[in-house]
Amino acid sequence: MYIKEIEFINFKSFGKKVKIPFYDDFTTISGPNGSGKSNIIDGILFVLGLSSSRTMRAEKLTDLIYNGDKAKKPDFAQVTIKFDNTDREMPVDTEEVVITRKIRETDTGYYSYFYFNGKAVSLTDVHNYLAKARVTPEGYNVVMQGDVTRIITMTPVERRKIIDEIAGVAEFDNKKDRALSE
Ligand code: ATP
Ligand code: MG
């Protein structure tokens, strides 16, 4: 499974609809400082259902909405990732898996929506689908700035937790804890 394309609408610095194609092996993105390279990574984490806006370098989720045009600030941001699923790593029987996340800001707060292959789903649904393909937004599919240093300076117990997560053991520990507390 790999990312084929990402589409941004009003997400961070992407004030209009922008589609970015990805290759099946290796894609690098280059550009001047402040041109939006890291915002692309933030967009990926957004779709994967990351709830902490800090990791996406925004104070609150609504700060992810494009604010470059003060006269006409959009009330929503939307990012869509199209995955190639020809290897069926994601256990659904479609060649492509399309996941969309949208946040909409209103006078009373904000609303978050997820769509999986066009169907409205919950954040937990998205997490469960992704976990089956061993993708976790808080996991180690994405190496952020400072992560390598953090792992080197960790205690052995903390490092063990990372290995549990990568091996997929932590997911069952979490489910067990949740079941026991119900
Ligand atoms: P560097 O090479 O310095 O790492 P970069 O290409 O990774 O740069 P980003 O951090 O992705 O750049 O983009 C930063 C830009 O995104 C800033 O100019 C910032 O103003 C803009 N930006 C962030 N959030 C928003 C928003 N909500 N609306 C409009 N622009 C935004
Ligand atoms: Mg950057």
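The values are calculated or read from the model by the stated rules, or taken from the named source; none is laboratory data. As the structure is a computational prediction, the values presented were derived from the model and not from experiment. For neighbour counting, all protein chains shown are included, and Cβ atoms are generated from backbone atoms with ideal geometry for every residue, glycine included. Surface areas here come from the heavy atoms of the whole protein model, side chains and all, with no ligands, DNA or RNA. Shrake-Rupley method; radii C 1.70, N 1.55, O 1.52, S 1.80 Å.
Karplus-based coupling profile of region 160-173, in residue order and whole Hz: 4, 4, 5, 5, 4, 5, 5, 6, x, 6, 4, 4, 6, 4, with θ = phi - 60° in 6.51 cos²θ - 1.76 cosθ + 1.60 and x standing for Gly or Pro. Amide H contacts of Tyr66 (H built 1.01 Å from N, in plane; Pro and chain starts excluded): Phe11, Lys12 sit under 5 Å, all sequence-distant by 5 or more or on other chains. Taking the Cα atoms of the chain, the ratio Rg/Rh between the radius of gyration and the Kirkwood radius comes to 0.97.
Derived scalar couplings between HN and Hα for region 114-120 equal 10, 10, 10, 6, x, 9, 5 Hz in order, rounded to whole Hz, by the Karplus curve 6.51 cos²θ - 1.76 cosθ + 1.60 (θ = phi - 60°), x for Gly and Pro.
Residue ranges 143-155, 160-172, 32-44 sort as 32-44, 160-172, 143-155 when ordered by packing (mean number of other C-beta atoms within 10 Å per residue, highest first). Among the protein heavy atoms of the chain, carbon and sulfur supply 53% of the accessible surface, probe 1.4 Å, non-protein parts ignored. From the largest down, region 105-182 spans 45, 33, 27 angstrom on the principal axes of its Cα atoms.
Backbone phi angles across region 74-84, fed through the Karplus curve with coefficients 6.51, -1.76 and 1.60 (θ = phi - 60°), yield HN-Hα couplings of x, 9, 8, 10, 9, 10, 10, 10, 9, 9, 7 Hz in residue order; Gly and Pro are listed as x. Between region 3-50 and region 162-180, the C-alpha centres lie 30 angstrom from each other.
Determine the alpha carbon to alpha carbon distance for each of Lys4/Lys37; Lys60/Lys175; Lys12/Lys119 and list only those over 20 Å. Checking Cα-Cα distances, Lys60/Lys175; Lys12/Lys119 exceed 20 Å.
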